[in-house]
Amino acid sequence: MKNFKNKLFLVLVLSFAIYVNAQDYLMTLNPTSLNFIDKNATEYKGEPLIKDKSFTYNYNGGEVFVTFKGDEHIEFHNNKQHFIKSKLFWVSKDLVYVTIEDYTLPNFPFKRGTKMKIEFTKVKDGFVEYKSTLGGRTWLGKMKESKLE
């Protein structure tokens, strides 16, 4: 039984490490062939799950501040010294395509026009869980709602 618990603990630790480092890993990818969008996607006319809200998540030892306002998405890094601005294209209540428009984040490996797919999988108690896909790779993430603007 002790051996089983040790193996289970090891699996949990490794799973957490992979979950936490997925976004860090994606920042190191070669940015070629990263643009994609479902050619048959049509704009969702209803109310999206995330609208006019702010969030935070941890990245590379720091807190990232994120806003979703109208059709714009902005991530502020390094105590708001750098940003990534993107346009949102909602295809359903919980699915959005994000297209990078501008950025000042140093060593950012993606070009303007790069698209990412985000599916919001859970919204509960001030937290939002999501699944992002970029360049054929998918990772899970979690953001905490923020009252800051």
Candidates Glu43, Glu63, filtered to the one that is at pLDDT below 90 and on the phi < 0 side of the Ramachandran plot: Glu43
Could you please find all residues in the stretch 105-149 being without any contact (Cβ under 8 Å) to a residue 60 or more places away in the chain, touching a Leu at 6+ places or on another chain (Cβ under 8 Å) and aromatic (Phe, Trp, Tyr)? Tyr130
Quick check, is Phe110 part of a loop (DSSP other than H, G, I, E, B) and either under 20 Å from Tyr130 (Cβ atoms) or within 13 Å of the chain's Cα centre (by Cα) (or both)? yes
Do any residues in the stretch 59-86 that are exposed (fewer than 12 other Cβ atoms within 10 Å of the Cβ) have Cβ atoms under 7 Å from those of residues that are among the charged types (D, E, K, R) and not in a strand (DSSP E or B), where the two are at least six apart or on different chains, and which pairs are they? Asn60/Asp24
Just give me the residues in the stretch 97-149 being surrounded by fewer than 16 Cβ atoms within 10 Å (Cβ to Cβ) and on the phi > 0 side of the Ramachandran plot, in sequence order. Asn107, Gly113, Asp125, Gly126, Gly136
Suppose we filter the stretch 104-129 for residues that are in contact with a Ser or Thr (Cβ under 9 Å, 6 or more places away or on another chain) and under 19 Å from Lys85 (Cα atoms); how many remain? 9
(1) more than 21 Å from Lys147 (Cα to Cα); (2) among the hydroxyl-bearing types (Ser, Thr, Tyr); (3) out of contact with any Ser or Thr (no Cβ under 7 Å at 6 or more places or on another chain); (4) assigned to a strand (DSSP E or B) all hold for Tyr57 apart from (1)
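The values are calculated or read from the model by the stated rules, or taken from the named source; none is laboratory data. Computed from a predicted model, the values in this text were never measured in an experiment. Here Cβ is always computed from backbone atoms with ideal geometry, including for glycine, and neighbour counts include all displayed protein chains.
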